[in-house]
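The values are calculated or read from the model by the stated rules, or taken from the named source; none is laboratory data. Not measured: the values here are computed from a predicted model. Positions of Cβ are generated from backbone atoms using ideal geometry, with glycine treated the same way; all protein chains shown enter the neighbour counts.
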Amino acid sequence: MYTFAFDAGQNGTGRPRAFVRLQTVNASATGYDAFAEYDVWHPDYAYAMAALGSSGEEMGMTLAVGGGTLGYPQQAVGFRNDFVVFPVTNSDATQISRFGDYLSNRLVTSDTVRFGTEVYDVRLNAVPPGGTPTCVAVGCAANMRYVQAWA
């Protein structure tokens, strides 16, 4: 059994924003048979760039989320069977052409229910009064953090 995560664009049948689809397949003598689909989606937010980790029983994930009231791209973490993901960063800016250079999700050593992931947020440096709040004008700082999530 294999589970893949991939970006899926918006569609007109209930997914108004980009979303992530998890597809589970079984290998057989005649090829691969898809038997389970799971979508991470929300009507107000877009999701992309999922990374998965598995203990064999539980599957943790980290993914990018943005739009809606979140605004700038954020990182979110969650578990497949919890049916919810939680934003764990609070970016107030975006680097013009970069986001999510490195996404990972892995089982924490010697633990069967805890996953760890590296995430980062982008924060504007101090904006002077009347200044332009952009990374180009005042500079930004990309802050790496390590997040652990429990099932």
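One table, with the values for the structure above:
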quantity: Conditions (1) within 24 Å of Ala149 (Cα to Cα); (2) aliphatic (A, V, I, L, M); (3) crowded, with 18+ Cβ neighbours inside 10 Å; number of the one not met by Ala93; calculated: (1)
quantity: Within region 94-110, considering residues that are assigned to a loop (DSSP other than H, G, I, E, B) and at pLDDT 80 or above, the one farthest from the chain's Cα centre (by Cα); calculated: Val108
quantity: Exclusive hit being among the aromatic types (Phe, Trp, Tyr) and closer than 17 Å to Phe83 by Cβ, set Tyr47, Tyr2, Tyr32; calculated: Tyr47
quantity: Failed criterion for Met144 (all others in (1) within 25 Å of Arg15 (Cβ to Cβ); (2) within 18 Å of the chain's Cα centre (by Cα); (3) assigned to a strand (DSSP E or B) hold); calculated: (1)
quantity: Lone unmet requirement of (1) assigned to a loop (DSSP other than H, G, I, E, B); (2) of a type in the set (S, T, N, Q); (3) closer than 30 Å to Leu124 by Cα for Gln75; calculated: (1)
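Residues checked against (1) of a type in the set (A, V, I, L, M); (2) at pLDDT 85 or above; (3) surrounded by fewer than 20 Cβ atoms within 10 Å (Cβ to Cβ):
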{"residue": "Asn11", "(1), (2), (3)": "no, no, yes"}
{"residue": "Tyr45", "(1), (2), (3)": "no, yes, no"}
{"residue": "Val65", "(1), (2), (3)": "yes, yes, no"}
{"residue": "Gly71", "(1), (2), (3)": "no, no, yes"}
{"residue": "Gln75", "(1), (2), (3)": "no, yes, no"}
{"residue": "Asn81", "(1), (2), (3)": "no, no, yes"}
{"residue": "Thr89", "(1), (2), (3)": "no, no, no"}
